[in-house]
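Please read the structure below before turning to the comments.
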Amino acid sequence: MATPGNSNHRAWWKESSVYQIWPASFKDSNDDGIGDIPGIISKLDYIKNLAVDIVWLCPSYKSPQVDMGYDISDYYSIADEYGTVEDVEKLIAGCHQRGMKLLMDLVVNHTSDQHEWFKQSRSSKDNEYRNWYVWRPAKYDEQGNRQPPNNWVSHFQGSAWQWDELTQEYYLHLYAVEQPDLNWEHPPVRKAVHDIVRFWLDKGCDGFRMDVINFISKEQSFPDAPIKDPRTPWQWGDKWYANGPRLHEYLQGVGKILKEYDAFSVGEMPFVTDEKEVLRAVQFDRNEINMIFNFEHVDIDHGKYDKFEPGSWKLTDLKDFFERWQTFMYANDGWNALYWENHDQPRSIDRYTNASEEYRLVASKMLATALALQAGTPFVYQGQELGTRNVPKSWGIEEYKDIDCLNHWKRLPKDDTAAQAIALQEYQKKSRDNGRTPVQWSAAENAGFTGPGVKPWMSVNTDYVRVNAEAEVKDPNSTYHYWATVLKLRKKYLDVFVYGNFTLLDKPNQEVFAYTRQYGDQKALVVCHWTEKTLEWDAASNGITGVKQVLLDTYEGVDEASQRFSEHNPIPSTPLIPQSNNKMSSSEQAQLPAHLDPKTYPRTHHDATQNIHITLTYGTLDANTYLSQTSSPAAGANILFLGTTRDTFEGRPVSQLSYTTYPPLALKTLTGIAEAAVKTHRLEGVSIAHRLGTVPIGEASIVIAVSAGHRGAAWKAGEEVLEACKEKAEIWKREEFVDGGMEWRANADRDAEGRVLGTGAV
């Protein structure tokens, strides 16, 4: 029997769940293309029905919007595009009337360079606000060249220091040049922050999310950072500014005020992996902050030196992270903030499961289960409750708004198309824009986010016709209703799911994430299936010998699942079966002809003499793979072309597209197209990859990589190859329409089995 651990310190904020709102993209009430506070107020019932307790409003203060509101120019006013202080007061009242609380964002590591404090600070070294920011003199190298005070890199690329010509000193900006860091060593700065906190708490705000709050104390010698990335002079100096020497003194100053109001607090704390350091901030009797956002699990796919480099991870890495923090916080009277997504992260379905569109629904439900039933306060980010996915893979750089992406892109060599292709691939996977597309409210124009004919500040994800709030609210089997069920379940079994212990099961398993929660003699088992294939999980060998009651099931109803388990006690190996809208029986699968069986793919043809590579696959197309196949050091240009699935055909909305082929025929026709291009344009090489099976709207169905002596030849050849593939490749397309219709299209008058119509011959 487990002995209850941290339940002696019960608190309302431990038992709550939080819904995060990014105001620019939530709901536009006045048709200017930008979300606003009145728009949020209009959707409070939608949020309440999700069974959350707290609404977190991301920065909506006055701001030049260089970093989407995290560059604040006035902490006491609201940005015109979002509304007024009176609107915030109405939002607070609306939340309170529905039994919810409101959090605001506290961004006090830095301000905007347009804040009056900084305008004064940079006006003169003698100004009373000079010490409100971090100013340092230049250093000079042996040749007498001016250099920044140290080699720290900004989180948005380049040096973290900016030269000020007027006062002949550098100021520190850990983020954008327009976001100078405040100097918390200076007592008036701390008092000003305390005044801001009290102002909004007095307005009825119930607490704060604190932006990069562990950066507010810096090592005052500002030493150079060790060189970890030899490719650049700018290095990560987090050792000297994350969790600095006076951090806890500063946090306790803010925490004292929060305690007066019994207010909620969660701190964003990047670069912190030391459990003891985190505990100093969140331990119950420390009176600093309630919990922190840890970053280890959202940095899991980053490259060695940079976020926008390819990275890899295993499910055991994720399980190790959760186990470490779950058990440590339970044993030491701390508390976790549980999240997959926020305004700075991509969508969880894509990052953590990479599920095909067929499994979007069950993947979103699985992620909700895995997260929200752990110990901690769950955070749901807008759109996550709908199963929103990343931006389309077809997006070019012109679609992205994220300053982090744009600064990274500017630093890429303009003639390095391979590096640009990799960068675009990584932006689609990791850009902050993935979490910032407008909320998909309906199937109407602009997804109902703003009015018809209005251009939204950011493009709407093209899948809104199929995935939107209006449809999900009506569908009891939707992700929206599942999230509500999970959050209600957490409240119903409060002792075990909020205050119980955590034990990870089957630790080395790379396909199943299973754990138990226990409080006294109450024990719950959570089993999460992390793949698209059918699995069996042996519960008995993991210490589970019987099931009293099934509380939740993502594949079938609870009653059906309960019946299945009640027939076997002790329970058998548990089948974990992904839900599909197009299931085949085992006998049907056995009868599949080889050319229709995904297990027999990929099918390829390679001609080394002409550097031709043809691939047919049922997997997602990785553009970088095919570009690297073809790229030749002798070429003057290596260019990539993508053909993506579209969401309409002749004005009819398309719900799903799928492709099939007879492989010998397809390989032959695609090889002929490639050979003709090599001969006509004297190419160094060609790679053509075509995806089969269901291809989600907006994703690549074909990738063409062309290597040529000069850019003009490469572009012309690539365009001709793409058109030839559409006209001549023996690959057949099935389009299913939102209105229920379906259409096959094939070249050479063949059917889906590869037979020439009217003859039966292949």
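The values are calculated or read from the model by the stated rules, or taken from the named source; none is laboratory data. On a predicted model such as this, the values are computed, not experimentally measured, just so you know. All Cβ positions, glycine included, derive from the backbone under ideal geometry; neighbour counts span all protein chains shown.
For the range 227-244, does any single residue satisfy the condition of being more than 26 Å from the chain's Cα centre (by Cα), acidic (Asp, Glu) and either at pLDDT below 95 or assigned to a loop (DSSP other than H, G, I, E, B) (or both)?
Looking through the range 227-244, none of the residues is more than 26 Å from the chain's Cα centre (by Cα), acidic (Asp, Glu) and either at pLDDT below 95 or assigned to a loop (DSSP other than H, G, I, E, B) (or both).
I'm trying to understand the selection: among the residues of the range 657-682, which are crowded, with 24+ Cβ neighbours inside 10 Å and free of Cβ contacts under 8 Å to residues at least 40 places away in the same chain?
Those that are crowded, with 24+ Cβ neighbours inside 10 Å and free of Cβ contacts under 8 Å to residues at least 40 places away in the same chain: none in the range 657-682.
Starting from residues that are within 36 Å of the chain's Cα centre (by Cα) and of a type in the set (Phe, Trp, Tyr), keep the ones in the range 98-151 and report whichever is farthest from Ser17 (Cα to Cα).
Among those residues, the one meeting the criterion is Trp135.
So which pairs qualify, if the first residue must be in the range 727-741 and in the same structural domain as Thr661 (by TED's automatic domain parsing), the second must be in a loop (DSSP other than H, G, I, E, B), the Cβ gap must be under 6 Å, and the two must be at least 6 apart or on different chains?
Trp732/Ala746; Trp732/Ala752
Restricting attention to the range 377-401, which residues are surrounded by fewer than 23 Cβ atoms within 10 Å (Cβ to Cβ), farther than 14 Å from Pro438 by Cα and touching a residue at least 12 places away in the same chain (Cβ under 8 Å)?
Lys393, Ser394, Trp395, Gly396, Ile397
This table checks each residue for (1) without any contact (Cβ under 8 Å) to a residue 40 or more places away in the chain; (2) surrounded by 16 or more Cβ atoms within 10 Å (Cβ to Cβ).
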position	(1), (2)
Asp506	yes, yes
Gln510	no, no
Val526	no, yes
Asp538	yes, no
Ser541	yes, no
Val547	yes, yes
Leu551	no, yes
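Exactly one of (1) within 14 Å of Arg734 (Cβ to Cβ); (2) not in a strand (DSSP E or B) is unmet by Ser655. Its number?
Exception for Ser655: condition (2).
Taking the stated definitions as given, is Tyr381 among the hydroxyl-bearing types (Ser, Thr, Tyr) and touching a helix residue (DSSP H, G or I) at 6+ places or on another chain (Cβ under 6 Å)?
no
Can you name the condition, by its number, that Gly698 falls short on among (1) surrounded by 16 or more Cβ atoms within 10 Å (Cβ to Cβ); (2) at pLDDT below 85; (3) over 31 Å from the mean Cα position of the chain (by Cα)?
It is condition (3) that Gly698 fails.
Just to confirm my filter: which strands (runs of 3 or more DSSP E) fall fully inside the range 91-198 and include at least 1 residues that are modelled with pLDDT of 95 or more and among the aromatic types (Phe, Trp, Tyr)? Give the steps one after another, and end with the answer.
Working: elements: 101-106, 161-164, 169-172.
Where strands (runs of 3 or more DSSP E) fall fully within the range 91-198 and carry at least 1 residues being modelled with pLDDT of 95 or more and among the aromatic types (Phe, Trp, Tyr), they are 161-164, 169-172.
Does the range 240-257 contain any residue that is touching a strand residue (DSSP E or B) at 6+ places or on another chain (Cβ under 6 Å) and not acidic (Asp, Glu)?
Just the residues of the range 240-257 that are touching a strand residue (DSSP E or B) at 6+ places or on another chain (Cβ under 6 Å), to begin with: none.
So far as the range 240-257 goes, no, none of its residues is touching a strand residue (DSSP E or B) at 6+ places or on another chain (Cβ under 6 Å) and not acidic (Asp, Glu).
Residue under question is Trp409, and the condition is that it be in a loop (DSSP other than H, G, I, E, B) and outside the structural domain of Trp715 (by TED's automatic domain parsing); does it hold?
No.
Looking at (1) outside any loop (DSSP other than H, G, I, E, B); (2) surrounded by 22 or more Cβ atoms within 10 Å (Cβ to Cβ), which is the one condition that is false for Ala484?
With respect to (1) outside any loop (DSSP other than H, G, I, E, B); (2) surrounded by 22 or more Cβ atoms within 10 Å (Cβ to Cβ), Ala484 is out only on (2).
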